[in-house]
1. In this structure, does A79 turn out to be under 12 Å from G15 (Cβ atoms) and not in a strand (DSSP E or B)?
2. So which residues in the stretch 12-41 are more than 6 Å from the ligand (Cβ to nearest atom), polar (S, T, N, Q) and assigned to a loop (DSSP other than H, G, I, E, B), if there are any at all?
3. What residue, among those in the stretch 53-68 that are modelled with pLDDT of 95 or more and of a type in the set (D, E, K, R), is nearest to the ligand (Cβ to nearest atom)?
4. Tell me, which residue of the stretch 101-117 that is within 11 Å of the ligand (Cβ to nearest atom) and either touching a residue at least 60 places away in the same chain (Cβ under 8 Å) or aliphatic (A, V, I, L, M) (or both) is nearest to S150 (Cα to Cα)?
5. Filter the stretch 168-226 for residues that are free of Cβ contacts under 8 Å to residues at least 40 places away in the same chain and within 10 Å of the ligand (Cβ to nearest atom) and give the result.
6. Please determine whether any residue of the stretch 121-135 is at negative phi and either within 13 Å of the ligand (Cβ to nearest atom) or in a loop (DSSP other than H, G, I, E, B) (or both).
7. Going through L98, L45 one at a time, which residue ends up being near the ligand (Cβ under 9 Å from one of its atoms) and not small (G, A, S)?
Amino acid sequence: MKDAQKYGEWAVVTGASSGIGRQFAIQLAEQGMKVVLVARSADALTRTATQDIRTEAKVISADLATPEGRDLLLQEIAALDVGLFVHSAGNAYVGPYLDAPDDMDEGLIAIHVSATTQLTRAISQRLVARGGGGIILISSVFGMFPMPFSSVYGAAKAFMLNLGEALAVELRDQNIDVLSVAPGGTKTRMGDQLGEVIDLEKMAMPMGDPAVVAHESLAALGWRDTIVPARRNRLMTRMAHLLPRNMVKKQFGKMLESALIPQPKSET
Ligand SMILES: NC(=O)c1ccc[n+]([C@@H]2O[C@H](COP(=O)([O-])OP(=O)(O)OC[C@H]3O[C@@H](n4cnc5c(N)ncnc54)[C@H](OP(=O)(O)O)[C@@H]3O)[C@@H](O)[C@H]2O)c1
């Protein structure tokens with residue numbers, strides 16, 4: 001972090017019960033910040049708070065895909081000096097667009113688009129009032145290009161990436177650092193779930209460490225607007241940006257389609 005003092009007493013971390021969000025919470029606490037841990041599973045959050053966090057921690061069990069869950073989070077943090085917001089809560093769908101479960105779009109869009117927009121705006125207003133702070137949005141390399149066979153997830157992550165990159169410019173004069181993070185495949189619960197629907201060995205991306213994602217992101221906060229954690233993923237995305245977008249989306253489509261593991265048809 002360029003200027004840790006700027007981010008105040010408390011960091012709010014969504015998705016803190018698992019994976020990348022949990023690593024952010026642990027590493028922010030190691031740097032002395034108090035942490036608000038948010039996800040749906042109260043038990044997993046309490047485990048993280050008691051076993052992994054050495055500073056003060058507050059647990060908020062809320063479903064951020066719902067307006068009620070987002071309102072609850074904002075009410076619960078109203079009295080705290082929050083200077084940093086990390087939005088890592090998320091879920092993914094990889095598979096043919098036409099085979100997606102009926103409720104897939106709603107959940108994916110709610111957590112990545114609606115929650116990102118509402119929480120970022122509400123917390124940004126508070127950061128302006130306190131004179132500055134930081135925001136970290138966890139997007140994905142899948143948000144950097146059109147992603148056939150993960151079209152809705154890719155588009156939702158593109159929304160996060162574009163919102164974050166635009167806000168980095170717009171909020172800079174308000175002393176707010178906005179960092180958009182685009183991890184590649186990462187060994188987390190979500191990574192394990194993806195391994196059940198795609199053959200990860202056929203993907204050109206090795207599965208990375210969530211601790212590295214959090215570490216490289218915190219090191220970049222205040223210095224950069226966007227980061228692709230892990231050198232190999234940076235190289236891959238840089239090369240892809242040099243090629244015609246039309247070619248890149250076809251190649252990603254071919255790669256994902258060939259990696260799909262046939263799923264049993266659900267009985268309706
Ligand atoms: N793993 C990867 O390969 C990868 C790659 C690129 C980007 N990402 C992104 O990284 C972020 C973190 O994912 P991860 O890999 O760390 O996965 P993870 O281990 O499954 O963690 C996801 C977190 O989000 C929380 N969450 C999910 N839905 C929620 C909801 N409706 N309300 C509140 N919390 C919710 C989960 O907790 P509960 O289930 O208890 O609510 C959990 O804490 C996601 O945005 C993901 O899209 C992951």
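1. Details: under 12 Å from G15 (Cβ atoms): no; not in a strand (DSSP E or B): yes.
Taking the combined requirement at face value, the residue does not satisfy it.
2. Correct list: Q31 only.
3. So, considering only residues that are modelled with pLDDT of 95 or more and of a type in the set (D, E, K, R), the one nearest to the ligand (Cβ to nearest atom) is D63.
4. The residue in question is L108.
5. Within the stretch 168-226, G185, K187, D192, G195, M207, G208 meet the criteria.
6. So far as the stretch 121-135 goes, no, none of its residues is at negative phi and either within 13 Å of the ligand (Cβ to nearest atom) or in a loop (DSSP other than H, G, I, E, B) (or both).
7. Exactly one residue qualifies, and that residue is L45.
The values are calculated or read from the model by the stated rules, or taken from the named source; none is laboratory data. Note that the structure is predicted; figures quoted are calculated from it, not measured. Note: ideal-geometry Cβ built from the backbone for every residue, glycine included; neighbour counts use all protein chains shown.
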